[in-house]
Amino acid sequence: IYVDNIIFGATNENLCQEFSKLMQDEFEMSMIGELKFFLRLQIVQSEEGIKIHQTKYIKELLQKFKMEDAKPMKTPMHPSTTLGLDKESLDIDSMMY
């Protein structure tokens, strides 16, 4: 069995270390340490609490679609704009998005 990612933690440091040793004795493991990235989420742990964000992922998306210089807006289109089916335009490549 191959497991790509596993997360474990405990409020008791000794229990965490004991579990880690048991797992390492049984399985080949690497990169044990504080969780920083998981499923495109960035995790920042501090005395104030745990903060989760996707800054790195969003920057990668903006770069992929050449939108790094796009102007940020609260509303992505004018409020009075309505959308409708455009039967005359070519189909887009939906796999790109």
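Bear in mind these aren't lab numbers, they're just calculated from the coordinates by the rules spelled out. Model, not experiment: these values are computed from the prediction. Quick reminder, even Gly has a Cβ in these numbers, built from the backbone with ideal geometry, and neighbours come from all protein chains shown.
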* Single residue of the range 28-67 satisfying the filter (in a loop (DSSP other than H, G, I, E, B) and basic (Lys, Arg)) that is farthest from THR11 (Cα to Cα) -> LYS66
* To do: Filter the range 27-70 down to the residues that are more than 12 Å from the chain's Cα centre (by Cα) and among the polar types (S, T, N, Q), then identify the one that is surrounded by the most Cβ atoms within 10 Å (Cβ to Cβ).
  => GLN45
* Structure fact -> Checked pairs for the range 69-81, first part of a loop (DSSP other than H, G, I, E, B), second charged (D, E, K, R), C-beta under 7 Å and 6 or more apart or across chains, list as none
